[in-house]
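Step one of this worksheet: look at the structure below.
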């Protein structure tokens with residue numbers, strides 16, 4: 001279950017940064033005064049092949065991998081974000097639904113809505129069969 005980390009460094013003037021975590025997820029939220037979510041970063045599969053789905057009101061979605069240089073001799077200690085390929089939205093959404101059940105309802109619903117929105121955007125970008133094959137009424 002995701003639990004909120006009580007003391008979090010604040011890095012964006014005018015926004016409150018919150019951090020929730022469990023063994024699989026790290027979730028960072030940036031909220032406006034009053035609690036509206038301005039941005040989030042959902043890091044998943046922390047122990048194996050960590051990746052991140054980011055969203056912000058001004059920029060939309062970005063999916064990235066987390067390169068952990070501390071595991072490679074001679075590398076700097078700061079993690080960097082790199083291309084991550086396809087986002088496994090169905091699997092992450094199912095797992096997040098369970099992990100986030102104790103979060104505040106509004107926050108939970110907002111994040112599940114954003115995951116559904118991202119899944120819909122992926123479906124709309126999926127390649128269609130040439131010549132209209134697979135459509136109803138196609139001849």
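Can you pull out the residues in segment 19-32 that are surrounded by fewer than 18 Cβ atoms within 10 Å (Cβ to Cβ) and within 16 Å of residue 107 (Cβ to Cβ)?
Scanning segment 19-32 gives 19, 21, 22, 31, 32.
Please work out which one of (1) surrounded by fewer than 14 Cβ atoms within 10 Å (Cβ to Cβ); (2) in contact with a strand residue (DSSP E or B) (Cβ under 6 Å, 6 or more places away or on another chain); (3) modelled with pLDDT of 65 or more is the condition residue 101 fails and give its number.
Residue 101 satisfies every listed condition except (2).
Can you find even one residue in segment 120-133 that is in contact with a helix residue (DSSP H, G or I) (Cβ under 9 Å, 6 or more places away or on another chain) and either at pLDDT below 75 or not in a strand (DSSP E or B) (or both)?
Taking segment 120-133 and keeping what is in contact with a helix residue (DSSP H, G or I) (Cβ under 9 Å, 6 or more places away or on another chain), we get 122.
In the following step, the residues that additionally are either at pLDDT below 75 or not in a strand (DSSP E or B) (or both) were identified as 122.
For segment 120-133, residues in contact with a helix residue (DSSP H, G or I) (Cβ under 9 Å, 6 or more places away or on another chain) and either at pLDDT below 75 or not in a strand (DSSP E or B) (or both): present.
State all residues of segment 48-64 that are surrounded by fewer than 17 Cβ atoms within 10 Å (Cβ to Cβ), at negative phi and modelled with pLDDT of 85 or more; if no residue qualifies, say none.
The first filter runs over segment 48-64 and keeps only residues surrounded by fewer than 17 Cβ atoms within 10 Å (Cβ to Cβ), leaving 48-49, 56-62.
Now drop any that are not at negative phi, which leaves 48-49, 56-59, 61-62.
56, 57, 58, 59, 61, 62 - these are the residues of segment 48-64 that are surrounded by fewer than 17 Cβ atoms within 10 Å (Cβ to Cβ), at negative phi and modelled with pLDDT of 85 or more.
Any residue that is part of a strand (DSSP E or B), out of contact with any strand residue (DSSP E or B) (no Cβ under 7 Å at 6 or more places or on another chain) and either at pLDDT below 95 or within 19 Å of residue 101 (Cα to Cα) (or both) - is there at least one of those in segment 65-82? Outline the logic, then answer.
Kept after step one, since they are part of a strand (DSSP E or B), are these residues of segment 65-82: 65-67, 80-82.
Checking the rest, the ones that are also out of contact with any strand residue (DSSP E or B) (no Cβ under 7 Å at 6 or more places or on another chain) come to none.
Checking segment 65-82: not a single residue is part of a strand (DSSP E or B), out of contact with any strand residue (DSSP E or B) (no Cβ under 7 Å at 6 or more places or on another chain) and either at pLDDT below 95 or within 19 Å of residue 101 (Cα to Cα) (or both).
Tally time: how many residues in segment 9-50 are within 17 Å of residue 102 (Cα to Cα), free of Cβ contacts under 8 Å to residues at least 60 places away in the same chain and in contact with a strand residue (DSSP E or B) (Cβ under 8 Å, 6 or more places away or on another chain)?
Summing the residues that are within 17 Å of residue 102 (Cα to Cα), free of Cβ contacts under 8 Å to residues at least 60 places away in the same chain and in contact with a strand residue (DSSP E or B) (Cβ under 8 Å, 6 or more places away or on another chain) in segment 9-50 gives 5.
Which of (1) closer than 17 Å to residue 100 by Cα; (2) surrounded by fewer than 16 Cβ atoms within 10 Å (Cβ to Cβ); (3) at pLDDT 95 or above does residue 1 not meet, given it meets every other one?
All conditions pass for residue 1, except number (3).
Buried (at least 18 other Cβ atoms within 10 Å of the Cβ), touching a helix residue (DSSP H, G or I) at 6+ places or on another chain (Cβ under 6 Å) and in a loop (DSSP other than H, G, I, E, B) - does that describe any residue in segment 33-40?
no
The values are calculated or read from the model by the stated rules, or taken from the named source; none is laboratory data. Everything numeric in this text was worked out from a predicted model, so none of it was measured. Every residue, glycine as well, gets a Cβ built from its backbone with ideal geometry; the counts of neighbours run over all protein chains shown.
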